[in-house]
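Note sheet for the following structure.
The values are calculated or read from the model by the stated rules, or taken from the named source; none is laboratory data. These figures come from a predicted structure and were not determined experimentally. With ideal geometry, Cβ positions are generated from the backbone for all residues, glycine too; neighbour counts draw on all protein chains shown. Heavy atoms of the whole protein, side chains included, go into the accessibility calculation; ligands, DNA and RNA do not. Shrake-Rupley method; radii C 1.70, N 1.55, O 1.52, S 1.80 Å.
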Amino acid sequence: MDHVIDFFVENSPAVTTAVLWGPPSLLWAGLCLWFAGWLRRRYQLKTGYTRKVFHFLIFFTVAGIHMAAGSRFVCLFGVATSLVVFYAVARGRGHILYEAIAREKDEPHRTHYILVPYFTTLVGGLAGNILFGPAAVAGYLVAGCGDAIGEPVGTRFGKHTYPVPALRGVRAVRSYEGSAAVFVASTLAVLTAVTLLPGLELHLWALAAIPLVGLACAVAEAVSPHGWDNATMQLVPALLVYLIW
């Protein structure tokens with residue numbers, strides 16, 4: 001418990017930092033969500049695509065911030081993104097920001113399946129940082145790339161589906177085609193993470209383990225309840241990178 005408290009104390013931004021970097025963080029998070037909503041309105045894209053555009057932009061922003069400025073600035077950006085998501089939920093049905101991330105197939109629980117992935121993302125990101133330190137970057141990249149690619153591929157090419165647990169009575173399925181895409185993208189994301197993270201020794205046996213980590217990520221995504229994979233897809237790669245490297 002002390003370790004958790006220490007993390008929040010150490011990563012609380014100073015007032016000057018919040019004043020200087022808070023507004024740009026809020027603007028960028030808002031632009032990311034607006035861009036996803038614009039794509040939906042302009043090109044009539046399904047939310048399975050636009051939701052992941054936002055997902056991709058946010059996770060890759062977080063990975064870049066973590067590597068360039070550290071977890072304190074990640075926490076600040078997380079607060080800004082939270083405000084944008086809560087604003088979208090408050091505006092509700094019909095608003096460009098809400099419709100960018102509220103899946104049609106989650107009706108009548110569209111808001112529920114905005115908030116659950118948000119909180120699981122938050123939990124996964126915080127736990128990854130607290131438990132695994134710099135290895136959390138692997139979680140950001142896998143969640144941002146591996147998880148983000150599965151739904152659009154499944155939406156476009158998914159022919160062979162399988163059911164997944166859902167906690168609010170909606171029918172949730174994933175596809176083997178989408179899961180295969182998660183495996184490929186997660187493997188590349190882990191490779192990117194271990195290449196970029198400083199101080200890692202890239203022995204041959206460790207590099208050979210990368211596809212296995214990608215496979216573990218794909219399995220974690222496949223068995224996660226609907227809306228909960230944002231946590232597992234951060235924690236599984238962060239844990240494995242932390243243990244292997």
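Before moving on, here are some points about what is shown:
- Taking amide H as placed 1.01 Å from N in the peptide plane, Arg174 has its amide H under 5 Å from the amide H of Tyr162, Val164, each at least 5 places away in sequence or on another chain.
- Computed over region 97-192, relative contact order equals 26 percent, with contacts defined as Cα pairs under 8 Å that lie 6+ residues apart.
- Dipole magnitude of region 47-137, debye to nearest 20 (Cβ charges: Lys/Arg +1, Asp/Glu -1, about Cα centre): 60
- Which labelled figure in (1) 14.1; (2) 13.3; (3) 17.6 is mean projected area of the Cα convex hull in nm², once derived from the coordinates: (2)
- Three-way shape call for region 132-183 based on the alpha-carbon gyration tensor, with the a/c threshold at 1.5: oblate
- Taken as Cα centroids, region 145-176 and region 61-135 sit 20 Å apart, rounded to the nearest whole angstrom.
- Shape call, region 48-161: gyration tensor on alpha carbons, a/c limit 1.5: oblate
- Burial ranking of peptide ranges 78-89, 213-224 (average Cβ count within 10 Å, highest at the top): 213-224, 78-89
- Among complete DSSP H helices in the chain, those whose alpha-carbon atoms stretch at least 18 Å along the helix's long axis and whose mean Kyte-Doolittle hydropathy reaches -0.5 are 15-43, 47-69, 71-91, 112-132, 176-196, 210-223, 229-244.
- Between the residues Leu20, His112, Pro134, the greatest Cα displacement towards the positive end of the dipole of the chain, with unit charges on the Cβ of Lys, Arg, Asp and Glu, is found for His112.
- Between Thr192 and His112, the distance separating the two model label sites (each 7 Å from Cα on the Cα→Cβ line) works out to 3.3 nm.
- Normalised per residue, the accessible area of region 87-245 is 45 Å², obtained with a 1.4 Å probe and no contribution from ligands, DNA or RNA.
- Structure-based [θ]222 nm, the chain - -39500 (n - 2.57) summed over DSSP H runs of at least 4, per residue, nearest 500: -24000 deg cm²/dmol
- When you count the other C-beta atoms within 10 angstrom of each residue and take the mean per peptide, 15-25, 141-151 line up highest first as 141-151, 15-25.
- Residues Ala68 and Leu207, FRET efficiency given R0 of 30 Å [Cβ-Cβ distance, rounded to 0.05]: 0.75
- Note: relative contact order over the chain, using C-alpha pairs below 8 Å and six or more positions apart, is 21 percent.
- Relative to the Cα centre, the charge distribution of region 1-110, modelled as +1 at Lys and Arg Cβ and -1 at Asp and Glu Cβ, gives a dipole magnitude of about 740 debye.
- Neighbour net charge for Val85 - beta-carbon separation under 13 angstrom, K R +1, D E -1: +2
- Distance between the pseudo-spin-label points of Met1 and Arg171 (7 Å out from Cα toward the beta carbon): 4.7 nm.
- Between region 7-44 and region 199-245, the alpha-carbon centres lie 27 Å apart.
- Student exercise, the chain dipole from Lys, Arg, Asp, Glu Cβ charges, in Debye to nearest 20: 1080
- Global form of region 106-245, assessed from the alpha-carbon gyration tensor, a/c cut-off 1.5: oblate
- Among 26-32, 6-12, the peptide with the highest mean count of other Cβ atoms within 10 Å heads the list, and the full ranking is 26-32, 6-12.
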